[in-house]
Structure formats: structure tokens, C-alpha cells
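The values are calculated or read from the model by the stated rules, or taken from the named source; none is laboratory data. The shown structure was predicted, so the numbers you read here are calculated from the model rather than taken from an experiment. For neighbour counting, all protein chains shown are included, and Cβ atoms are generated from backbone atoms with ideal geometry for every residue, glycine included.
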Amino acid sequence: MIDDLAERLRKLEERIERLERILGGDDVETPRARKLSAKEFLLTKNPKSEVQKVVALAFFLEHQEGVDVFNVSDLEAAFRSARERLPKNLNDAVNKNVARGFLMEASSKKDAKKAWQLTSTGERFVMEGMV
């Protein structure tokens, strides 16, 4: 009888400890951070021009999608994913970002196409609100 009471007491103590951890926040599962879609990302950055959309989507590709080096096809896919109209001349928009120091030509091609990558200046420009 004493052994039964001791076992019940031990189980009750375990339950109380679990409840205390839950109430204290130790056992509460934190929701996983959800990945932003291309559209949601653009809405947070509010780019003012096609050129700014290109650098913002380049940032998105690198930081959200894990694409270090991208080509025109990657940018077109990002524009479509964001449900944004493609720039009339995407290569021109990329070249304007290269001239501003936001993008640079990658050392190798990607899928036999010219490729670029985001520079630290471009990264800072997007992170600081594109101003």
C-alpha cells in the first residue's frame, strides 16, 4: 500500500512538473518561421521601379530561396512567382543594377547563360528599405 502511494505521488509530481514547464513556456512549441513568398517579400520592400524590383528579387532569391548565382530565367521565374509584370527589358534592368553596384557578374555561367550575384552594397540597399 505504501509503495502504491509512493508511485502515485511520483507520477503526480511528474505531471505537475510538466504543467509548470508548459505554463512557464519551457515546453511550448514555437511556431516555425514561414518562408515569405516572392509577392509577400516585395510587399515588405515596396520597390518603386522595375530596377528596384530586380534587386529586391535578387535578394529574395539569395536569402529566401538559397540561390547564390542567378540568371535571367531565375529572375523571370521570381517575377512570375510574385505575379509581377516582367520588365520590358530585363537585361537592361539588371545592367542598371550592375552599374549601381548592386549586382555583379558571376565568375561562371549558369545553365549556359550569363549569371549574376548580389553584392554587399545591393544587400544593404534592400535591407535598409531601398532608399
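Some observations on this one:
- Some residue of segment 31-40 being surrounded by 11 or more Cβ atoms within 10 Å (Cβ to Cβ), closer than 27 Å to Val131 by Cα and charged (D, E, K, R): yes
- Annotation note: of Asp111, Asp92, the sole residue that is without any contact (Cβ under 8 Å) to a residue 40 or more places away in the chain and either under 18 Å from Glu62 (Cα atoms) or not hydrophobic (A, V, I, L, M, F, W, C) (or both) is Asp92.
- Hits in segment 103-131 (condition: assigned to a loop (DSSP other than H, G, I, E, B), crowded, with 16+ Cβ neighbours inside 10 Å and under 18 Å from the mean Cα position of the chain (by Cα)): Thr119, Met130
- Only residues that are free of Cβ contacts under 8 Å to residues at least 24 places away in the same chain and either touching a helix residue (DSSP H, G or I) at 6+ places or on another chain (Cβ under 9 Å) or outside the structural domain of Ser49 (by TED's automatic domain parsing) (or both) were counted across segment 64-76, and they come to 4.
- Hey, Glu50 of a type in the set (Asp, Glu) and touching a residue at least 40 places away in the same chain (Cβ under 8 Å) or not: yes
- The set of residues from segment 92-107 being at pLDDT 95 or above and of a type in the set (S, T, N, Q) comprises Asn95, Asn97.
- The one condition from (1) over 30 Å from Val131 (Cβ atoms); (2) at pLDDT below 85 that Glu13 does not meet is (2).
- Verdict on Glu65 being out of contact with any Cys (no Cβ under 6 Å at 6 or more places or on another chain) and closer than 24 Å to Met127 by Cβ: yes
- For Glu84, the conditions (1) free of Cβ contacts under 8 Å to residues at least 24 places away in the same chain; (2) crowded, with 16+ Cβ neighbours inside 10 Å all hold with the exception of (1).
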